[in-house]
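Worksheet: one structure, shown below.
The values are calculated or read from the model by the stated rules, or taken from the named source; none is laboratory data. Predicted model only: the values in this text are computed from it and were never measured. Counting neighbours? That spans all protein chains shown, and the Cβs are built from the backbone with ideal geometry, glycine included.
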Amino acid sequence: MIEKIGIIGAGQMGTGIAHACILAGYQVFLNDASKDVLQESLSSIDRALEKQVARNKLLIQDKEAAFARLKSVESLKGFKSCELVIETITENKDAKKALFTDLTPHLSSDCLLATNTSALSITALGHATDRPDKFMGMHFMNPVVVMHLVELVRGIETSTSTFNAVVEVVKRLGKETAVSEDYPGFIINRILMPMINEAVYTLFEGVGTIEAIDKGMRLGTNQSMGPLELADLIGLDTCVSILEVLYKNRGDSKYKPCPLLSKYVEAGWLGRKTKRGFYDYKGEHPLPTYRRIHDLS
């Protein structure tokens, strides 16, 4: 039975997964290559727990017990007692493979491995480990604590026992599963990313403003968030990475990132995590950042 979970990568997703896991009673070991990022992740989780207490969604003693289950580890050696380790680093195949090569010598032979990749081949990543039968995809939705779905993806060698053990973890987190075959983008992003890309093209071609596009999709299709707002939440660099994987593997032009989306990434406007994307988040309320040339004259 899994009780100790390691998480590598303390960014937006790793922080959210760690938060969800400690609330579910797991002991969590959190690591990041940057000490500053790791410290900010711990502080962010503490603040989020405090908000849950303030909103009467969590008792103070439960908050304290949950936070006590969270440990930071500064090296991969800190995962030796874990029964499951989840990787949440940058969406780059080579970086992930290199990490797994460095990680596996420090794990027990029974430890399961999972990746939070949202598009990359599970089979290829599992092949970079010494345990492809104990490796699979756990694609969490963002924000992790709020969203109810985890997309599960088996590689060609993933064993049934590994899959079943991960399903039990997801159930304990209070979430539902959607099982996808190991194809580029899986289910969610194969459908979602072309929609976001088309929304950016709609802006780029002057069909509508940022506000009109997001309002139209929120109210017209009953979505909780417009596609440009959602892109900012996901991270525009992540959106481009996923689209490039889809375009490379499927060759369909609908997956080719819109030039405007690529330009935002080149400018370092990556969304909420940099406080500027399709919206500027530096003030009290988000403000659209894009205006066509004739709108500025």
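Taking R172, is it closer than 19 Å to T115 by Cα and either modelled with pLDDT of 95 or more or surrounded by 14 or more Cβ atoms within 10 Å (Cβ to Cβ) (or both)? Taking the combined requirement at face value, the residue satisfies it.
In the stretch 150-157, the condition of being at pLDDT 95 or above, farther than 18 Å from L23 by Cβ, out of contact with any Cys (no Cβ under 6 Å at 6 or more places or on another chain) and acidic (D, E) is met by at least one residue. Figure legend. Inter-residue proximity from the stretch 86-100: first residues touching a residue at least 60 places away in the same chain (Cβ under 8 Å) and within 14 Å of V245 (Cβ to Cβ), second residues of a type in the set (V, I, T) and part of a helix (DSSP H, G or I), beta-carbon distance below 6 Å, spacing 6+ or different chains. Indicated pairs: E91/T238. Just wondering, is there one or more residues in the stretch 128-140 that are within 16 Å of the chain's Cα centre (by Cα) and touching a residue at least 60 places away in the same chain (Cβ under 8 Å)? Yes, that holds for at least one residue. Counting only strands (runs of 3 or more DSSP E) wholly contained in the stretch 127-185, the ones carrying 2 or more residues that are touching a Leu at 6+ places or on another chain (Cβ under 7 Å) occupy 135-140, 176-180. If you check L246, L230, L270 for being closer than 15 Å to S118 by Cβ, surrounded by 17 or more Cβ atoms within 10 Å (Cβ to Cβ) and in contact with a Gly (Cβ under 8 Å, 6 or more places away or on another chain), only one passes: L246. The residue pairs whose first member lies in the stretch 62-85 and is surrounded by 15 or more Cβ atoms within 10 Å (Cβ to Cβ) and modelled with pLDDT of 95 or more, whose second member is assigned to a strand (DSSP E or B) and charged (D, E, K, R), and whose beta carbons are closer than 7 Å, counting only pairs six or more residues apart or on different chains, are C82/K4; E83/K4. Every condition in (1) at positive phi; (2) surrounded by 14 or more Cβ atoms within 10 Å (Cβ to Cβ) is met by G206 except one, and the failing one is (2). Only residues that are among the small types (G, A, S), more than 21 Å from the chain's Cα centre (by Cα) and either over 16 Å from T289 (Cβ atoms) or not assigned by TED's automatic domain parsing to the domain that holds R250 (or both) were counted across the stretch 194-228, and they come to 2. For M147, the conditions (1) of a type outside the set (K, R); (2) within 28 Å of T15 (Cα to Cα); (3) surrounded by 22 or more Cβ atoms within 10 Å (Cβ to Cβ) all hold with the exception of (3). In the stretch 39-61, the residue that is surrounded by the most Cβ atoms within 10 Å (Cβ to Cβ) out of those that are small (G, A, S) and in contact (Cβ under 8 Å) with a residue 12 or more places away in the chain is S41. Could you tell me whether any residue of the stretch 252-273 is in a strand (DSSP E or B) and aromatic (F, W, Y)? Checked the stretch 252-273: no residue is in a strand (DSSP E or B) and aromatic (F, W, Y).
Where helices (runs of 4 or more DSSP H) sit wholly within the stretch 1-112, those with at least 2 residues that are within 22 Å of G174 (Cβ to Cβ) occupy 12-23, 35-54, 60-68.
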